[in-house]
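Right, one structure below, let's go through it.
The values are calculated or read from the model by the stated rules, or taken from the named source; none is laboratory data. The model shown is predicted, which means the values in this text are computed figures rather than measured ones. All Cβ positions, glycine included, derive from the backbone under ideal geometry; neighbour counts span all protein chains shown. Heads up: the accessible areas ignore ligands, DNA and RNA and are worked out on the full protein's heavy atoms, side chains in. Shrake-Rupley method; radii C 1.70, N 1.55, O 1.52, S 1.80 Å.
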Amino acid sequence: MAEFYGTTVADIFNTMPKRFKPEEAKDEDIAIGYECKGEGKWKVTIKHGTIKVEEVKGDLKGCATTIHAADAETFIGTTLGKIQAMDALTTGKLRVVGDVKLLMTLLPKIFVQYTAPEKKSSVVAKDIISTITERFRPDKAAGVDMKVGYDLAGEGGGKWTIVIKDGKCAVKEGLAKDLTVKMTMPAEIYVGMMLGTISGESAFTSGQVKLDGDMMAAGATSRFFNKFVDPNAKASEAEELITIKVTNSINCRFATGTAYGMWFKGLKEKKFLANVCPKCGRTQITPREICAFCRVRCNEFVELGPRGTITAADVVYFASPDPLTGAVRETPYAMCWILLDNASPQEAFCFDIKREDLPKMKVGARVRPVWAKETKGTFTDLLYFELDK
Amino acid sequence: MKKQSAKPAKAHKKNRNVGIVGIGMTSLSSHKEDQNQPEMIHEAVRAALADAKMTLDDIDCIVHGNMELFEMQYQPDMWHVLGSGAYGKDEYRITTGGTVGATLVCAADNLVASGLYDTVLAIGFEKLQEGNTTGGITNMADPLWFRNIQTGALTGTTAAMMIDEFGAERAKKAAMKYRILMDKHAMLNERAHRRFGLEYDQAEDLMKTSPQLVGELRLIHMCSQSDGACAMIFTHEKKAKKVSKTPVWIRDHITVHREENMSNLYAFEKPEMTHHYAARKLFERNGIKDPVKYFDVFEMYDPSAWWGLDWSREFLQLKGDEHLRMLEDGEFDLDGKLPLNPSGGVIASNPIGATAMLRPAFAALQIRGDAGGCQIKKPVRHALASGFGGTLWTVLMMLEKDLDW
Amino acid sequence: MAAKRVAICAVAQHKNDSDLWYKRFQGMLLDVLEDLQAQTGFDFDSETGVRSIVSCSDDFFDARTISNNGVTDVLGAQYRGEEKMAQEGLNAIGYAMAQILAGHEDLVLVMGHCKESQPESRELISNLGFDPFYGRALGLDCLNAAALQARAYMAKSGLTEDHLAEIVVRARQCAARNPYANCREIIEAGKVKGSPMLCDPIRQLHAYPVSDGAVGMLLASEERAKEFTDKPVWLTGFANCMDSFFFGDRDLTSNFALKGAAERAYKKAGIKDPKKTVNLVEVMDAYAYQQPMWMEGLGFCKDGQGAQFIDDAGLGKYKVNLSGGMLAGDPVIISGLYRAANAALQLRGEAGDMQVPDVKCAVAQSTNGPAGQFHSVLILEA
Amino acid sequence: MTTMTCKKEDTTNCFVFEGKMALPNQYFVGRLGSKFIIALRDKKKIMGLKCPKCKKTFVPPREYCHFCQTKIDENWVELGNEGVLVNYAVVRYLGKHLPKKVPYILGQIKLKGADTPLTHIVEGVDIKDVRIGMKLKAVFAPKTTNTLLDLDHFEPV
């Protein structure tokens, strides 16, 4: 197996179950196929918060979407973020058959970002346990009285009891008899969880961690401690460059004036109202205060359509966010330019076409509008146009 | 009421000539986590000052511009004074959408030519990584209607119209050849952002495999999203000749806008395209009869391969399939009749607020002979540079090596 | 200044209103455009008419990327050159002057609009003018920035609540004579002093009201001005100046940027002592304390003597803001255009009830950015 | 002058739509700013940058002294966590951009070792008792926002 950036393709698939976030994927039901030239094929099946990763020998079957990488370097590089996925897609080194949206939206949501393993982190469970008392935060544990047992199997593992009482914390070798909760797991899983390379949630859900006793107490323990920082990793870690993510939002009151006021009034009555340039006769849809060409005010309104002829059509595959709702649009959809009946020949109207009519849509085709059941005089009144048979 | 004079205004003439004496740009990339906005701007400012062998003390005035809603920074020049060098100086902030970089060059030209300022520093920049580009562009549309329909600047209509006009095979091939030519140029330009190393024999494959965005507009055809800044220094003739061995002169420029409503671009009767109108008027008033022959290089704002190819016909006042033939015959290559975007164009690098300034910047470097790996071999004396923005807005300018027009 | 001169041939103002709910800004601009054309008869012929429009608006207030895109048609800019001044509007006049002096254009239309009533809050927008880490986080905005400056300036100049009330009362008295002002109701000092504290020491009535407005003017070269007017107003000097960004780096009471802009504008216009030459002043007084403070910066009042200036009736003496000023209500971004428009009307003798005799030379000032970080100064002469 | 302002407007067909403008952003404070914020966050220290030429120490950080254009990004100096209030305003209006419940005090605080005051929030003192010249000390935030608010506020010494 070829290694790039200290990682092999197999590493990425092997860590997938550990990086999986079941909570985020509880509504998902999808199979994704991966092909990496020279390395092999994998099928990842995600169903209601469970995940199955299998290497496939023959053809990838039953996958809603398949991702094809031209070579291991591309696959590993884009997974690690060392190569821009957009660039790889652009040049065809990475190819997605099916829904490209998955890459941008679903995968980052349901997986913890893969990070190349530190050359065998030298930290073992014992080291982490030994820092527990210094990481203890009495302010968070006021009034808490509990004993948490850890039974960690494997190299660097052992059995410990953490006693929290009266705002104090102590660690004892061995497991006490009256434990509030006992957690049993492989030592490496514990280390991974503490370092943040394994999702705790997935480790619990996938059964790698066994709990005996008060589950709520187990969940609460992390609050009583500062995060463990790997002292060895610190030196080699890239310097931290601070980013903040914010959504800037400003509520607005948009005036329609008469031009748009008439337009929405028309929609309410299931009518397309355009205003007419008194000089050149252009029917403006949507209406404007003025005819830009003639620079004269347009006060007269006429009804256009409702049927019309397609003058140009765009099928949109790119899933862009809808700025009105923030939701990602479902693709593909069509944006059509329609010359409504009665309109002047230089003014087409732009709108969506019915999804089912996409394959049959062409320039010159006749279309008719489909309205919402109840029209309110807003932009949701008009649903789409459909082919006029 | 007075009566407006019916006789035509005098032919275009400048109060004084203006030369470009300094050009600076940051690296162009999709990642600039290590710099905040003023720091990125300052990198370009320093580079331009170094190029002009000047200090900020030599600058009288700063012109600053970008698209505010990409970074969502209100009146950004206030914060950016930390990097722009505007402290204690005159400063203007003039914007026009995608064209803004070119508008800043026009503004700097006007400000120096007017005699109000002797030396002006213009700065165009964008940190697209800090915003949502497609969402930002979509917010251009009227909130009352078109915002629910628009998909940023993505459109496949030009591809469809070209396929209609020239047949699917020839049109798709030409668009892909254009795209690969731009990448070949970008490979020669060490400053370009995206450099893939595409070969012509990949064309067939890319035509099929590159993901479709809108219609036949595929991901490979589309421009990049970059972070970066460009700064240029302008001064009057006397000083330009003193401080620079190779000042590049701004001969003339024209800005043409059109209405917000795009309905009449896609109906059956279409108006003259703004690019065509701008070029026609500019060439007319400067006595340019054959632009392909006159100009030695054209740096065009080409947001996508389809648009770039289609627009070459409009700007160069070509007819029928002349532009396709020029491309097919290698006339847009570096050793062709009219080298097109030796820099790799906007497809290779696109920090939006700087993009339209990079066009005259790269064109001026060609005139100076400082374009590095992408330098055109034959002497470059006359350059054309364009900007694009808004609803098909255009800015077109002419740069010259000699003051001999 | 270069030998050539630039003239304002006509001005048109839309009446300011606190909530023009029934009109799009496109409609407001169209009214202004038609008014200008009716006054002067200019057209947009590609050879002899207006080929260049300098607009002024703001993407945030308009909630639109490229705010000028929504108004191209109502500016008459179809197939013409149009560039947006993204700063305060007085700079649009400065830049339009440059286009004409450069020889690139001989007619330029300047058009500005802003609907402050559209966004939920102007403070929310000006908060986005601060850097995302050190400024926005603290909730800084143009109002609390002004409050910091007001306290510092009041301490330095001796300005009191009484002075502030006097300024606001006078502004309303002036506005009552200005048909385009927003708040024209005459009020008494007690009402000002009793109005709620917004941000100490700034009270509600010390701050300009939320306003919607639009302004336009036609500028022409000296050769062509006579085609459009018998009463050209000559623009003889313009300059602006930028101060540093962080409040701590600035002396908030020093008027650094205004002094820089004024000095350079006076020099261009050949003005040695503005107190002797200038007959009328329009300042952008978003908050009451700014009237005396900006008058210091413009050189009409000694440094730190703002209180004395008010007591000595300096506002009346130098005919400051006879229009009612921004305190009576016009929006940000284009307040400077309103200032220049009012100065031009006075110079033309067309200021109606506001008119004062013998105005030969006027100054219009505007500011941009928090606590007067940036200032612009325009000199207009009859 | 025309009488545009007096025109009667026909508002029969005019409406107002409630909408919004919202966009997601991510901001980078840069290498220099990261050092400043990490020092606040992890070490509870306020760092300034000193210009060797102007001899002035600035906060918040910037790459160049923009008075003399000297590059100062390496000249870190530790400032004291105490300082003096040199100016203030009281924020009483409402706004969703405001980080604290109104009324609160916005102050300019000159820290020990700094030449430029830092703008920040002052708490723990009654509004009527705020005095210019009062001594304040920094109180750091228990929870990081990776902004200047990792220093939560200043309060009287």
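Assess whether residue A:192 counts as being at pLDDT below 85, assigned by TED's automatic domain parsing to the domain that holds residue A:143 and in a helix (DSSP H, G or I).
yes
Would you call residue A:275 of a type outside the set (Val, Ile, Thr) and open to solvent by 10 Å² or more (accessible area, probe 1.4 Å)?
no
Considering only region D:75-132, state which residues are within 11 Å of another protein chain (Cβ to nearest Cβ), open to solvent by 30 Å² or more (accessible area, probe 1.4 Å) and among the β-branched types (Val, Ile, Thr).
Across region D:75-132, the qualifying residues are D:86, D:102, D:127, D:132.
Being open to solvent by 10 Å² or more (accessible area, probe 1.4 Å) and modelled with pLDDT of 95 or more: is that true of residue C:82 here?
no
Conditions: (1) within 11 Å of chain A (Cβ to nearest Cβ); (2) closer than 25 Å to residue A:98 by Cα; (3) under 20 Å from the mean Cα position of the chain (by Cα); (4) open to solvent by less than 10 Å² (accessible area, probe 1.4 Å). Residue B:222 meets all but one. Number of the miss?
For residue B:222, the failing item is (4).
For the structure I just gave you, tell me whether residue B:253 is within 12 Å of another protein chain (Cβ to nearest Cβ), under 30 Å from residue C:72 (Cα atoms), outside any helix (DSSP H, G or I) and touching a residue at least 24 places away in the same chain (Cβ under 8 Å).
Yes.
Go through (1) more than 9 Å from chain B (Cβ to nearest Cβ); (2) surrounded by fewer than 24 Cβ atoms within 10 Å (Cβ to Cβ); (3) touching a residue at least 24 places away in the same chain (Cβ under 8 Å); (4) of a type outside the set (A, V, I, L, M, F, W, C) one by one and return the number of the condition residue C:89 breaks.
(2)
Which of (1) more than 10 Å from chain A (Cβ to nearest Cβ); (2) within 30 Å of residue B:387 (Cβ to Cβ) is the odd one out, the single condition residue C:25 does not satisfy?
The number of the failed condition is (1).
Output the residues belonging to region B:13-27 that are assigned to a loop (DSSP other than H, G, I, E, B), more than 11 Å from every other protein chain (Cβ to nearest Cβ) and open to solvent by 10 Å² or more (accessible area, probe 1.4 Å).
Hit for region B:13-27 is B:27, nothing else.
Picking from A:115, A:90, A:74, which residue would you name as being in contact (Cβ under 8 Å) with a residue 40 or more places away in the chain, closer than 29 Å to residue B:226 by Cβ and among the hydroxyl-bearing types (Ser, Thr, Tyr)? Even if it seems obvious, please write down each step before you answer.
Numbers: A:90 fails: in contact (Cβ under 8 Å) with a residue 40 or more places away in the chain; A:74 fails: in contact (Cβ under 8 Å) with a residue 40 or more places away in the chain.
Result: A:115 is the single residue among A:115, A:90, A:74 that is in contact (Cβ under 8 Å) with a residue 40 or more places away in the chain, closer than 29 Å to residue B:226 by Cβ and among the hydroxyl-bearing types (Ser, Thr, Tyr).
Of the residues C:293, C:284, which is touching a residue at least 24 places away in the same chain (Cβ under 8 Å), closer than 24 Å to residue C:324 by Cβ and either basic (Lys, Arg) or not in a helix (DSSP H, G or I) (or both)?
Result: C:284 is the single residue among C:293, C:284 that is touching a residue at least 24 places away in the same chain (Cβ under 8 Å), closer than 24 Å to residue C:324 by Cβ and either basic (Lys, Arg) or not in a helix (DSSP H, G or I) (or both).
Looking at region C:164-181, which of its residues are open to solvent by less than 10 Å² (accessible area, probe 1.4 Å) and part of a helix (DSSP H, G or I)?
Result: C:164, C:165, C:167, C:168, C:171, C:174, C:175.
Of the numbered conditions (1) away from chain C (no Cβ under 12 Å); (2) open to solvent by less than 20 Å² (accessible area, probe 1.4 Å), residue A:265 satisfies every one except a single condition; which is it?
With (1) away from chain C (no Cβ under 12 Å); (2) open to solvent by less than 20 Å² (accessible area, probe 1.4 Å) applied to residue A:265, the lone miss is (2).
For region B:28-135, please list each of the helices (runs of 4 or more DSSP H) lying entirely inside it that holds at least 3 residues being within 20 Å of residue C:59 (Cα to Cα) and at the interface with chain C (Cβ under 10 Å from one of its Cβ atoms).
Once the helices (runs of 4 or more DSSP H) in region B:28-135 are filtered for at least 3 residues that are within 20 Å of residue C:59 (Cα to Cα) and at the interface with chain C (Cβ under 10 Å from one of its Cβ atoms), what remains is B:68-71, B:76-84, B:100-113.
Specify which of the listed residues (A:285, A:242, A:290, A:250) is among the β-branched types (Val, Ile, Thr), within 30 Å of residue C:43 (Cβ to Cβ), within 10 Å of chain C (Cβ to nearest Cβ) and open to solvent by less than 30 Å² (accessible area, probe 1.4 Å). Lay out the reasoning, then the answer.
Details: A:285 fails: within 10 Å of chain C (Cβ to nearest Cβ); A:242 fails: within 30 Å of residue C:43 (Cβ to Cβ); A:250 fails: within 30 Å of residue C:43 (Cβ to Cβ).
None of the other options fit; the residue is A:290.
Taking into account only those residues within region D:143-157 that are more than 9 Å from every other protein chain (Cβ to nearest Cβ) and out of contact with any helix residue (DSSP H, G or I) (no Cβ under 6 Å at 6 or more places or on another chain), which is most open to solvent (accessible area, probe 1.4 Å)?
Within region D:143-157, the match that is most open to solvent (accessible area, probe 1.4 Å) is D:143.
Between a first residue in region B:278-304 that is over 20 Å from residue B:360 (Cβ atoms) and a second residue that is among the hydrophobic types (A, V, I, L, M, F, W, C), which pairs have beta carbons less than 8 Å apart while being 6 or more apart in sequence or on different chains?
Close Cβ pairs satisfying both conditions: B:289/B:283; B:304/B:217; B:304/B:222; B:304/B:223; B:304/B:347.
Take residue A:156 and tell me if it is of a type outside the set (Val, Ile, Thr) and either in the same structural domain as residue A:24 (by TED's automatic domain parsing) or in a helix (DSSP H, G or I) (or both).
no
Which residue out of A:61, A:43 is in the same structural domain as residue A:17 (by TED's automatic domain parsing), out of contact with any helix residue (DSSP H, G or I) (no Cβ under 6 Å at 6 or more places or on another chain) and not in a strand (DSSP E or B)?
Details: A:43 fails: not in a strand (DSSP E or B).
None of the others qualify; the one that does is A:61.
Does region C:101-123 hold any residues that are more than 10 Å from every other protein chain (Cβ to nearest Cβ) and part of a strand (DSSP E or B), and which are they?
Within region C:101-123, C:108, C:109, C:110, C:111, C:112, C:113, C:114 meet the criteria.
Can you name every one of the strands (runs of 3 or more DSSP E) wholly within region A:208-291 that holds 1 or more residues which are in contact (Cβ under 8 Å) with a residue 12 or more places away in the chain and more than 30 Å from residue A:351 (Cα to Cα)? Write out each step before concluding.
Working: elements: A:210-213, A:243-255, A:272-276.
In region A:208-291, A:210-213 are the strands (runs of 3 or more DSSP E) which contain 1 or more residues that are in contact (Cβ under 8 Å) with a residue 12 or more places away in the chain and more than 30 Å from residue A:351 (Cα to Cα).
Looking at region C:56-78, is at least one residue surrounded by fewer than 24 Cβ atoms within 10 Å (Cβ to Cβ) and more than 22 Å from residue B:143 (Cα to Cα)?
no
Suppose we filter C:203, C:184, C:250 for residues that are within 20 Å of the chain's Cα centre (by Cα) and either within 11 Å of chain D (Cβ to nearest Cβ) or open to solvent by 10 Å² or more (accessible area, probe 1.4 Å) (or both); which single one remains?
Within the list C:203, C:184, C:250, the selection yields C:184.
Do you know which residues across region B:293-307 are over 14 Å from residue B:385 (Cβ atoms) and surrounded by 17 or more Cβ atoms within 10 Å (Cβ to Cβ)?
The answer is B:303, B:304, B:305, B:306, B:307.
Quick check on residue A:71: is it under 19 Å from residue B:194 (Cα atoms) and either of a type outside the set (Lys, Arg) or open to solvent by 30 Å² or more (accessible area, probe 1.4 Å) (or both)?
The answer is no for residue A:71.
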